[in-house]
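Trainee: Below: one structure in structure tokens.
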Amino acid sequence: MMPAFTKGNEAIAESAIRAGLRAYFGYPVTPQSELPEYLARRLPERGGVFLQAESEIAAINMVYGAGARVMISTSGPGFSLMQEGLSYLVGAEVPCVVVDMMRGGPGLGNIAPAQGDYFQATKSAGHGDGRLLVLAPWSVQEACDLTRVAFDLADRYRNPVAILGDGLLGQMMEPVVLPAPVEPARDVAWATTGAGSGPARVITSLDLEPEALEARNRRLQEKYRRAQQEVRWEGYRLDDADVAVVAYGISARIARTAVDRARDEGVAAGLVRPITLFPFPSQAVRDVASRVRIVLVTELSAGQMVEDVRLAADGRVPVRFYGRFGGMVSTPPEILDQIEQAASEVRAA
Amino acid sequence: MAALDLIAAGFGGQGILFLGEVLAWAAVLEGKNATWLPSYGPEQRGGTATCTVVVAGGTIGSPVVADPEVLVAMNGPSLDKFAPRVRPGGLVIVDASMVDRPVARSDVRVVRVDAVAQAAALGDVRMANMVLLGALLAAVPVVSLDAVKRVLADQFPPPNEALAAANVKAVTGGMAASRGAAQPLR
């Protein structure tokens, strides 16, 4: 099959339709606006609802009421506005897919690529003790593939699932083979779809009795424990590595080229790429940290995922960090230089 | 390793992004892998436009390129900014209609093509980008002319097939102008 050649934003949009997307709510923000632009044209043609809300806050609350396969997309400032709604969705156990194509922050920041929303996406869905499941594609093909996975996970766990990309992934074009459309078999016994007779269905995150709210929280935490089985990660050239680079998304693409160049120069480098950021592949990072002599984490942030890597490595090896931020993007020569510094650090030790 | 990586740069409106897209899409049509990365932002006609293309037979790591093998410069500021970054032994293609200063490198090969003038002679200055694409393909035959023709036919479907033909003519004109001006890289 001949691949399409398309932008990450558009690949996610088309893949969502093919995963059975029935409703999209959103509000434009660079660098993800091609996604709603595509759906505005294509989703109604295929029987779905596209609605541009008056704000991100309105959009996320529309998601709360959809009942069907539903998606919302945004970038940093909009993702912040959605946090309250995401917390309600998590509390009420309403599935949805939320796409965050990260840009430079904090505040209005700029529209260049960044990875500074890692904490916000992985540590908490708004207030309370809720979590998003978080997927981090590194190519247009994987963005397309993980969109399908995201909808399936959202339904399976009745929890919002985030696709955490960045402006670069959203804007770049690559060949992509699109999956065949599916009509998903969904258990929607929870949805308030006007089912007629039977017990009343209530979607709420409100439990005024602390005993009841603690029970709800125990249920959520049990769900996140079960979700550990969804961990995905990929290793590259790790077998005899002294230096393990850990990076996700577009940073991992840049790091992969740097790893190849390091190998060309005789430095035994490899790459660990978390694909799920929550659940985080802690065991994999721990295993690799037990085999290598030093770990180098690189992100387009001032250092966020590095905290999870340090927790996983648990002091087994030194963990160095290199980040660019504010919309600046690291390059293969920069990362190569960091790999060489890490290698010389362990040689000196 | 990449079969080719390239930065094309110029003014917004000169067709920099389209040049890269035709090249990358042609590579994909030939069964290769390609990435196309635009500079995006509050861009405007007359501002700066940059795009990065990587073509390879297999997996492409970084779509971000700091030290390209090839630079296509459609104006002076782009040449000044990116020429120092081209890898030794690489190639710099300059639109001589837009840039009168020399390329201050002795370790890269330089192809100068009067792209705007040649495009104007073909009927539309906006095809200067395709003249430069032709110059690139003559020096580095990374994709076939046939694949480029297929992309242009796809981009200019009927009733605009005349535009496709005109753009193909600009590409072949650029190839002819470039031949002999540089040795193939491999």
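Here, each number is a calculation from the coordinates, and none is a lab measurement. Here the structure is a predicted model, which is why all the values come from computation and not from measurement. Here the Cβ is made from the backbone with ideal geometry for all residues, glycine too, and neighbour counts use every protein chain on show.
Trainee: Applying the Karplus parametrisation 6.51 cos²θ - 1.76 cosθ + 1.60 with θ = phi - 60° to the phi angles of region B:129-142, what ³J(HN,Hα) value in whole Hz is obtained for each residue in order, glycine and proline being reported as x?
Mentor: Rounded to whole hertz, the list is 4, 6, 4, 5, 4, x, 4, 4, 5, 5, 7, 10, x, 7.
Trainee: Dipole size in debye (nearest 20) for region A:122-179 around its Cα centre, Lys and Arg Cβ +1, Asp and Glu Cβ -1?
Mentor: The calculated dipole for region A:122-179 is roughly 240 debye.
Trainee: Also, I was wondering about something else. Mind checking the dipole of region A:13-110: about its Cα centre, +1 per Lys or Arg Cβ, -1 per Asp or Glu Cβ, Debye to the nearest 20?
Mentor: The calculation lands at about 300 debye.
Trainee: Related question: Between the helical axis of A:332-348 and the dominant principal axis of chain A, each derived from Cα atoms, what acute angle in degrees is found, rounded to the nearest 10?
Mentor: 60
Trainee: Check the straight Cα-Cα distances from B:LYS149 and name the lysines below 20 Å, setting aside those fewer than 8 residues away within the same chain.
Mentor: B:LYS32, B:LYS169
Trainee: Next question. Using the crude model of +1 on Lys and Arg Cβ and -1 on Asp and Glu Cβ, and no other charge, please compute the dipole size for region A:200-349 relative to its Cα centre, in debye to 20.
Mentor: Roughly 340 debye, rounded to the nearest 20.
Trainee: Just from its helices, what would the mean residue ellipticity at 222 nm be for chain A, if runs of 4 or more DSSP H residues each count -39500 (n - 2.57) and the sum is divided by every residue, rounded to the nearest 500 deg cm²/dmol?
Mentor: Helix contribution divided over all residues of chain A: -12500 deg cm²/dmol.
Trainee: Mind listing which trypsin sites (Lys or Arg not before Pro) in region B:41-99 are in a DSSP loop and have 14 or fewer other Cβ atoms within 10 Å?
Mentor: B:ARG45
Trainee: With axes computed from alpha carbons, what is the tilt in degrees of helix A:282-291 against the longest principal axis of chain A, rounded to the nearest 10 within 0 to 90?
Mentor: So the helix axis and the longest Cα principal axis differ by about 10 degrees.
Trainee: Calculate, axis by axis, the spread of Cα positions in the protein assembly as shown along the three principal axes, and write the results as whole Å, longest axis first.
Mentor: Projected onto its principal axes, the Cα set of the protein assembly as shown covers 82, 66, 40 Å.
Trainee: Explain nothing, just compute: Karplus ³J(HN,Hα) = 6.51 cos²θ - 1.76 cosθ + 1.60, θ = phi - 60°, for every residue of region A:261-268 in order, whole Hz, x for Gly and Pro.
Mentor: 5, 4, 4, 4, 8, x, 8, 7
Trainee: Moving on. Can you tell me which of B:90-97, A:27-34 comes out highest on packing, and rank the rest after it, using the mean Cβ neighbours within 10 Å?
Mentor: Most protected by this proxy first, the peptides run B:90-97, A:27-34.
Trainee: For region A:232-348, state the average projected area of the convex hull of the C-alpha atoms over all orientations, rounded to one decimal in nm². If you can, show how the numbers build up before the last one.
Mentor: Values: hull surface 25.3 nm².
Mean projected area for region A:232-348: 6.3 nm², to one decimal.
Trainee: Give me a single rounded figure for A:324-335: the average over its residues of other chain Cβ atoms within 10 Å of their Cβ. Please list the in-between numbers first.
Mentor: Numbers: counts 0, 0, 0, 1, 0, 5, 3, 6, 6, 4, 2, 1.
Other-chain Cβ atoms within 10 Å of each residue's Cβ, averaged: 2.
Trainee: Work out the mean other chain Cβ neighbour count within 10 Å for the residues of A:29-36 and drop it here as an integer.
Mentor: Working: counts 0, 3, 2, 0, 0, 0, 0, 0.
Average neighbour count from other chains, rounded to a whole number: 1.
Trainee: Region A:4-229: percent of C-alpha pairs farther apart than 34 Å? Spell out each step's value before the answer.
Mentor: On the way: 2569 of 25425 pairs.
Above the 34 Å cut-off, region A:4-229 has 10 percent of its Cα pairs.
Trainee: Which one of A:GLY167, A:LEU132, B:PRO158 is farthest out on the positive end of the charge dipole of the protein assembly as shown, using unit charges on Cβ (Lys, Arg +1; Asp, Glu -1) and the Cα centre as origin?
Mentor: B:PRO158
Trainee: Antiparallel DSSP bridges in the protein assembly as shown: what percent, to the nearest 5?
Mentor: In the protein assembly as shown, DSSP labels about 35 percent of beta bridges as antiparallel.
Trainee: Here's a follow-up. Enter the mean number of other protein chain beta carbons within 10 Å of the beta carbon of each residue in B:50-57, as an integer. Could the numbers behind the result be given before it?
Mentor: Working: counts 0, 2, 1, 1, 2, 0, 0, 0.
Partner-chain Cβ atoms within 10 Å, mean over residues of B:50-57: 1.
Trainee: With a ≥ b ≥ c taken as the square roots of the eigenvalues of the C-alpha gyration tensor of region B:69-112, please select rounded if a/c is under 1.5 and otherwise prolate if a/b is larger than b/c or oblate if it is not?
Mentor: prolate
Trainee: With chain A treated as a Gaussian network of Cα nodes joined by springs under 10 Å, which of A:ARG218, A:ARG291, A:ARG18 yields the largest mean-square fluctuation?
Mentor: The residue with the greatest mean-square fluctuation here is A:ARG218.
Trainee: Only Cα pairs under 8 Å and at least 6 apart count here; give the relative contact order of chain B as a rounded whole percent.
Mentor: 21
Trainee: While we're looking at this one, here's another question. Note down the net charge around B:VAL28, summing +1 for each Lys or Arg and -1 for each Asp or Glu among other residues with Cβ under 13 Å from its Cβ. Mind showing how you got there, number by number?
Mentor: Details: positive: B:LYS32, B:ARG150; negative: A:GLU174, B:GLU21, B:GLU30, B:ASP154.
Once positives and negatives cancel, what remains is -2.
Trainee: Additional query: Once Rh for region B:66-186 is found with the Kirkwood sum over Cα pairs, what is the Stokes-Einstein diffusion coefficient at 4 °C and 1.567 mPa s, in µm²/s?
Mentor: The calculation lands on 89 µm²/s.
Trainee: For chain B, what does -39500 (n - 2.57) per DSSP helix run (n ≥ 4), summed and divided by total residues, give at 222 nm, in deg cm²/dmol to the nearest 500?
Mentor: -11500 deg cm²/dmol
Trainee: Work out the charge dipole of chain A with +1 on the Cβ of Lys and Arg and -1 on the Cβ of Asp and Glu about the Cα centre, then indicate which of A:PRO199, A:VAL49, A:VAL188 is farthest towards its positive end.
Mentor: The listed residue farthest towards the positive side: A:PRO199.
Trainee: To continue, here is another question. Using Cα-Cα distances under 8 Å and only pairs 6 or more residues apart, what relative contact order does chain A have, in percent?
Mentor: 18
Trainee: I would also like to ask the following. Taking R0 as 35 Å, what's the FRET efficiency between B:SER144 and A:ASP240 from their Cβ-Cβ distance, rounded to 0.05?
Mentor: After rounding, the FRET efficiency stands at 0.30.
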